[in-house]
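The values are calculated or read from the model by the stated rules, or taken from the named source; none is laboratory data. Everything numeric in this text was worked out from a predicted model, so none of it was measured. Ideal geometry is used to build each Cβ from the backbone, glycine not excepted, and the neighbour counts take in all protein chains shown. In case anyone asks, the SASA skips ligands and DNA or RNA and just uses the protein heavy atoms, side chains included. Shrake-Rupley method; radii C 1.70, N 1.55, O 1.52, S 1.80 Å.
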Amino acid sequence: MTTARVYDLPTRVFHGCFAALFVTAYAIANLVDDESSRFAWHMLAGMTMGVAVLLRLVWGLVGTRHARLSDLALAPRALAGYLKAVVAGGGRRWAGHNPASSWAALSMMLLTLGLGASGLAMASGVAPEWLEEVHELMANLFLALVLLHLAGLAVHVLRYRDALPLSMLHGRKRDLPAGTPAVPARGAAAVLMVAVLAGTGGLLLRQYDAVSGTLDLFGTRLVLREGGQEHRGGANADKAAGGHEDDDERESH
């Protein structure tokens, strides 16, 4: 048996950013009033999270062996065999994502894209009313998957005593079959991923108008909190009214 690096740095960077962005977006959506200026951070975190998933999908095509989407163990028989082994003991040692984590990863990435698309539709004002309920349902389903994933990790650790969660921090797994090849770190790609995510966040913040609660995204006006457009409309109306009053005063003189 041997210990080898199985997760490259971009995969681990994505995992950490993905988790942090989801916690941020979900917490704000449920703890902050949707008319508060702080509620906009829910949408900003969600959009950055969507970009992170797109980057991960690209890396899933060109990354190292266990980062590739083709390495995910998505066969139903493999999942059944893995779950049976967790209960009964024994079973195959997976160098990359095991079947349970493979399904969890794919499901959460797909949910993120669905949440992003529905969120953008609602913010742009083109979504039907029922889409908000679908958006909330997907968010809660995402949370349920996260909790199941964490529970599964806990059961796995208790069964195999292999500190599996730490593999997403240092990238290594132990007790692998002898001769399991280590993957390269790909540090430059990780730096590029961080730069793109940081740049995305910075761009969104620069385009966001905190006073009106709106965001200009590629020529589309997005309302990131309830009452955002009304606030701007009211401000414009007050400004216009003030202008008319000034005109009336000048005419009276």
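The number of residues in the range 6-33 being surrounded by fewer than 17 Cβ atoms within 10 Å (Cβ to Cβ) and not in a helix (DSSP H, G or I) comes to 2. Only residues that are closer than 24 Å to Thr64 by Cα and β-branched (Val, Ile, Thr) were counted across the range 175-223, and they come to 5. In the range 122-132, the residue that is most open to solvent (accessible area, probe 1.4 Å) out of those that are within 16 Å of Glu226 (Cβ to Cβ) and in a helix (DSSP H, G or I) is Glu132. Of the residues Gly81, Gly91, the single one that is at pLDDT below 95 and outside any helix (DSSP H, G or I) is Gly91. No other residue among Leu164, Leu176, Leu204 is open to solvent by less than 40 Å² (accessible area, probe 1.4 Å), in contact with a His (Cβ under 8 Å, 6 or more places away or on another chain) and of a type in the set (A, V, I, L, M, F, W, C) apart from Leu164.
Residue count for the range 140-185 satisfying the condition of being assigned to a loop (DSSP other than H, G, I, E, B) and within 22 Å of the chain's Cα centre (by Cα): 1. When Ser102 is tested against (1) surrounded by fewer than 20 Cβ atoms within 10 Å (Cβ to Cβ); (2) modelled with pLDDT of 95 or more, just one condition goes unmet, and that condition is (1). Trp59 fulfils the conditions (1) closer than 23 Å to Leu150 by Cα; (2) modelled with pLDDT of 95 or more except for a single criterion, (1).
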